[in-house]
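Visitor: Below you'll find the structure I mean.
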Amino acid sequence: MLEEENVSELSDEQISRIALKLDLTYVEQAEGLLVFDSTRQAGVQRGGEVAIPTGCAMEILEALDRGADRMEGYEGWVDPQNGFAEFEVQSQGLAELRRTERFTFETRPCSHTHDATPPYESAEGMMHPIVRVTSPDGNTCIELSRNTPLCVPRLPVDLKEGRGRTQTTLKIFIGETLERGELERKALGLANSMLFEFDARHRAAYVIRQKWQDIDSRPRRPAISYSVRYPRTSVPVDVAALFSIPSAFTLRRYRTLAFLSYYQILEFYLPAAHRRDALRKVRRVLRSLEFDTEKDSSVLKIVNSVERSQGASEGDQLRTLIEECVPEEKLREFFEEGHGGHFGKRGPISGVAAIHLNSGESVASQVAKRVYALRNRIVHAKDDARYADASVLLPGSREAGQLGPDIELMRLLAIEAIVDNR
Ligand SMILES: [Zn+2]
């Protein structure tokens with residue numbers, strides 16, 4: 001890594017190349033660091049100023065010159081000329097592999113240059129674990145270790161010396177020049193195999209980091225009440241547990257899970273709403289002026305009503321629940337906010353109906369169809385002919401990252417269902 005004396009060697013043009021590549025806005029150079037503003041990256045939790053060491057910036061420039069680039073769907077880099085890929089990873093909970101001295105590694109002589117050997121490397125006065133394995137033919141190595149300059153963490157500007165300067169990354173060394181797309185595919189396949197085995201065999205759960213940019217978190221300022229009252233809403237225990245899930249911090253990125261938690265709340269209230277609806281319809285027949293207990297045709301009206309009610313699908317029941325619990329006015333108000341065209345024809349979620357406030361169909365009915373279609377896309381883990389136009393919506397997908405407004409809608413439905421049934 002290059003030292004601080006090289007600070008002056010970075011030209012404005014070089015700095016703006018880096019800023020562009022990292023999606024940051026350049027602010028200034030300070031004490032061997034390049035300072036950037038990161039607020040442009042809407043999805044990053046910590047907006048504001050971040051820094052990367054100048055030495056890392058130099059190495060990033062060199063990598064860019066030989067055709068290296070950031071990956072498409074994940075945080076990380078590919079270096080096609082060197083047949084190298086590096087994924088940023090997050091460890092979930094206790095990652096057993098941190099105590100690497102307890103493990104043995106299937107390494108072999110290989111064609112790559114590795115700076116250190118498992119289980120540890122020492123750098124900047126700290127010991128960093130290294131996990132590395134080599135393919136039987138010696139051509140490919142997979143390594144979990146501290147980051148190279150390409151995946152340098154964006155440091156807080158007032159960083160205390162040394163702390164937080166490293167992060168764990170998963171590196172794939174293929175060691176022959178590959179076309180970029182092929183490298184990304186191969187690397188992702190190997191990364192997924194490796195991370196699966198880390199979890200399945202060693203209880204070390206790591207996930208590769210999705211690009212923040214793929215997660216839509218446009219700041220939204222929903223209307224909130226400013227008067228705090230003694231609570232009047234009684235909430236069934238099960239419903240309370242489900243309602244708390246989407247707000248749990250660690251789950252914020254798992255949008256499909258948030259959707260399903262709210263959906264389960266609606267499911268909780270489906271039978272009661274359905275029963276009330278069935279009773280109401282039977283009463284309506286009974287109260288009609290023409291009703292005559294002696295006439296078969298009159299009694300058959302009740303039979304038909306009950307049969308129809310028993311044959312109601314989950315989608316129908318959902319519509320009944322929404323019609324019954326959610327005031328049409330609240331739904332209209334919600335959709336009139338616009339949501340950046342999310343619910344329109346060109347919205348980002350495929351396989352679900354758009355919502356048109358001025359169509360002949362009631363908003364409740366349109367909402368029920370959309371919610372049910374989305375639910376099917378999320379719960380069916382495999383493309384199913386029964387849901388022809390609905391491909392699977394997977395938790396980590398780009399589309400899942402765009403679910404925000406649909407989850408807001410689900411939250412509204414869940415709250416109204418809870419309040420209406422208290
Ligand atoms: Zn190797």
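Laboratory data are not the source of any read-out in this text; all were calculated from the coordinates shown. Nothing here was measured: the structure is a model prediction, and the numbers come from that model. Neighbour counts run over all protein chains shown; Cβ positions are idealised from the backbone, glycine included.
Visitor: Taking θ as phi - 60°, what are the ³J(HN,Hα) couplings along region 264-280 by the Karplus curve (6.51, -1.76, 1.60), each to the nearest whole Hz, with x for Gly and Pro?
Guide: 4, 5, 4, 4, 4, 9, 4, x, 5, 5, 5, 5, 4, 5, 5, 4, 4
Visitor: Oh, and also: Please turn the phi angles of region 228-234 into ³J(HN,Hα) values with the Karplus equation 6.51 cos²θ - 1.76 cosθ + 1.60 (θ = phi - 60°), one per residue in order, whole Hz, x for glycine and proline.
Guide: For region 228-234, the Karplus curve yields 8, 10, 5, x, 10, 9, 8 Hz.
Visitor: While we're on this one: Give the residue from THR177, ILE130, TYR230 lying farthest towards the positive end of the charge dipole for the chain; charges sit on Cβ (+1 for Lys and Arg, -1 for Asp and Glu) and the dipole is referred to the Cα centre.
Guide: After comparing all options, I get TYR230.
Visitor: Report, by chain and number, residues whose modeled amide H sits under 5 Å from the one on ALA30, excluding near sequence neighbours (fewer than 5 apart, same chain).
Guide: Residues meeting the criterion, in which the H sits 1.01 Å from N, are VAL35.
Visitor: How do VAL228, VAL207 rank when sorted from fewest to most other Cβ atoms within 10 Å of their own Cβ?
Guide: VAL228, VAL207
Visitor: If you don't mind, there's one more thing I want to ask. Taking amide H atoms as placed 1.01 Å from N in the peptide plane, list the residues 5 or more away in sequence, or in a different chain, whose amide H sits under 5 Å from that of MET126.
Guide: Counting only residues 5 or more places away or on other chains, the set is empty.
Visitor: Could you give each residue of region 346-362 its phi-based ³J(HN,Hα) in whole Hz, using Karplus coefficients 6.51, -1.76, 1.60 with θ = phi - 60°, and x for Gly or Pro?
Guide: Each residue's phi maps through the Karplus curve to give 9, x, x, 9, 8, x, 10, 6, 6, 9, 10, 5, 9, 7, x, 7, 5 Hz.
Visitor: Return the whole-Å distance between the Cα centroid of region 290-362 and the Cα centroid of region 65-129.
Guide: Each part's Cα centre sits 53 Å from the other's.
Visitor: Report, in deg cm²/dmol and to the nearest 500, the calculated mean residue ellipticity at 222 nm for the chain, where each DSSP H run with n ≥ 4 adds -39500 (n - 2.57) and the sum is divided by the residue count.
Guide: Computed mean residue ellipticity for the chain: -12500 deg cm²/dmol.
Visitor: Determine the dipole magnitude for the chain: charges of +1 sit on the beta-carbon of Lys and Arg, -1 on that of Asp and Glu, nothing else is charged, the reference point is the Cα centre, and the result goes in debye to the nearest 20.
Guide: Charge dipole of the chain: 2180 debye, to the nearest 20.
Visitor: Sticking with this one: When you count, for each residue, the other Cβ atoms within 10 Å and take the mean per peptide, how do 357-364, 55-62, 330-337, 395-402 rank with the highest first? Walk me through the intermediate numbers first.
Guide: Numbers: 357-364: 12.2, 55-62: 19.4, 330-337: 15.4, 395-402: 17.9.
Per-residue mean Cβ counts within 10 Å order the peptides as 55-62, 395-402, 330-337, 357-364.
Visitor: Here is a further query. Can you pull out the GluC sites (Glu not before Pro) in region 168-197 whose DSSP state is coil and whose Cβ has at most 14 other Cβ atoms within 10 Å? Please report the intermediate quantities before stating the final value.
Guide: Numbers: sites: GLU176, GLU179, GLU182, GLU184, GLU197; in loops: GLU176, GLU179.
Within region 168-197, the qualifying GluC sites (Glu not before Pro) (loop, at most 14 other Cβ atoms within 10 Å) are GLU176, GLU179.
Visitor: Using a Gaussian network for the chain with springs between C-alpha atoms less than 10 Å apart, which of these wobbles most: GLY338, GLY175, GLY76?
Guide: The residue that fluctuates most here is GLY338.
Visitor: What chymotrypsin sites (Phe, Trp or Tyr not before Pro) in region 105-204 are in a loop by DSSP, with at most 15 other Cβ atoms within 10 Å of the Cβ?
Guide: Details: sites: PHE105, TYR120, PHE173, PHE196, PHE198; in loops: PHE105.
Those that pass, being in a loop and sparsely packed, are PHE105.
Visitor: What is the distance, in nm, between label points placed 7 Å from the Cα along the Cα-to-Cβ direction at ARG283 and at ASP158?
Guide: 6.4
Visitor: Can you find, among HIS274, VAL239, THR293, the residue farthest towards the positive end of the dipole of region 222-325? Put +1 on the C-beta of Lys and Arg, -1 on that of Asp and Glu.
Guide: Highest projection toward the positive end goes to VAL239.
Visitor: DSSP loop (so not H, G, I, E, B), at most 12 other Cβ within 10 Å: list which GluC sites (Glu not before Pro) in region 253-322 pass both filters.
Guide: On the way: sites: GLU267, GLU290, GLU294, GLU307, GLU314; in loops: GLU290, GLU294.
Loop-located and lightly packed - GLU290, GLU294.
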